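Reading through the structure tokens given below for one structure.
Coordinate-derived values only; no laboratory data. The model shown is predicted, which means the values in this text are computed figures rather than measured ones. Backbone-built Cβ (ideal geometry, glycine too); neighbour counts: all protein chains shown.
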Amino acid sequence: MSNRKYLIAGNWKMNKTACEGAELARQIVEAVGKQTSVAVCVCPTFTSLDAVSKALDGSNIVLGAQNMHPKASGAYTGEIAADMLRQFFVGYVILGHSERRQYFGETDAFVNEKVLATLANNMRPILCVGETLEEREAGKTIELVSAQVKEGLKGVKGEQAENVVVAYEPIWAIGTGKTATPAMAQEVHAAIRVVLKEVLGAAQAEKVRILYGGSMKPDNADALLAEPDIDGGLIGGAALDAKSFVSLVESAAKQG
Ligand code: PGA
């Protein structure tokens, strides 16, 4: 077992109004807001940050955001800057999610700018990487994911490693109910760890948490989280319901 603390992060995507988000956050706080063995984070929409931040106040649950622009301010209509997130005590920022890459044309280079800006503003990037079904079937998974990690973390220094989170999310498993088997996920996580060693140095690479994402649910979490390089989960669908999200936190806590 590694000494990395598990991270269970909820990606609410484009779901929940501010009121609904605050209610969900309150339910999560009530169930697991005091525990310290697992790091827990919820990432609502921008318009819910204020209400959810208030609902999390005084708990150990950290607020996250789903995106951020790399520039500090300026003429970027529809975008959000680091300062604006920090004001609500955002600790983690999901970056380069496959939905952003696919629907909004985000490239590795742009995601890399965001990663560097997030770290420079004392927040933790959750860098998402993953392959399509076609790429997997063509045997390109490791090559592609390794390149995404390398490009995404360009310029990140070894001493920043403990603030870096990588999420491996096979695109074919997101929201589909199809999960990578624990062995399939572990194979890719181990390959990511090898890249992290090259980029950040061997000792520092051990500090980076690598999350699995893609239909992680209470009934498959135990087996996934038991793998040596799976250090938590980035959860979509199952994060929208307090009971299932809390059960994932409990799964991680059980791994000890
Ligand atoms: P899912 O989403 O758990 O609904 O598959 C995961 C994600 O996209 O982060």
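Before moving on, here are some points about what is shown:
- Peptides 174-186, 199-211, 123-135 ranked from most to least packed give 123-135, 199-211, 174-186, packing being the mean of other C-beta atoms within 10 angstrom over each peptide's residues.
- With a Förster radius of 25 Å applied to the C-beta separation of Lys197 and Ala120, the computed FRET efficiency comes to 0.60.
- The alpha carbon centroids of the stretch 84-118 and the stretch 27-45 are separated by 22 Å.
- Computed over the chain, the per-residue total of -39500 (n - 2.57) for DSSP H runs of n ≥ 4 gives a 222 nm mean residue ellipticity of -12500 deg cm²/dmol, rounded to 500.
- Spin-label zone in the stretch 149-182 - amide nitrogen under 16 Å from a point set 7 Å from the Cα of Ala138 along the C-beta vector: 171-172
- Hz values of 3J(HN,Hα) by residue in the stretch 218-231 - Karplus curve (6.51, -1.76, 1.60), Gly and Pro given as x: x, 7, 10, 5, 4, 5, 5, 5, 6, 6, x, 9, 9, 9
- Two-decimal log10 I(q)/I(0) for the stretch 78-161, as the Debye equation yields it once each C-alpha is a single scatterer, q = 0.19, 0.21 Å⁻¹: -0.86, -1.00
- Viscosity 1.002 mPa s, 20 °C: Kirkwood-radius Stokes-Einstein D of the stretch 48-106 over Cα pairs, µm²/s: 170
- Karplus-derived 3J(HN,Hα) values for the stretch 158-164, using 6.51 cos²θ - 1.76 cosθ + 1.60 with θ = phi - 60°, are x, 5, 8, 3, 5, 9, 9 Hz; glycine and proline are entered as x.
- Between the stretch 119-147 and the stretch 238-256, the alpha-carbon centres lie 24 Å apart.
- log10 of Debye I(q)/I(0), alpha-carbon scatterers only, for the chain at 0.10, 0.13, 0.14 Å⁻¹: -0.43, -0.75, -0.88
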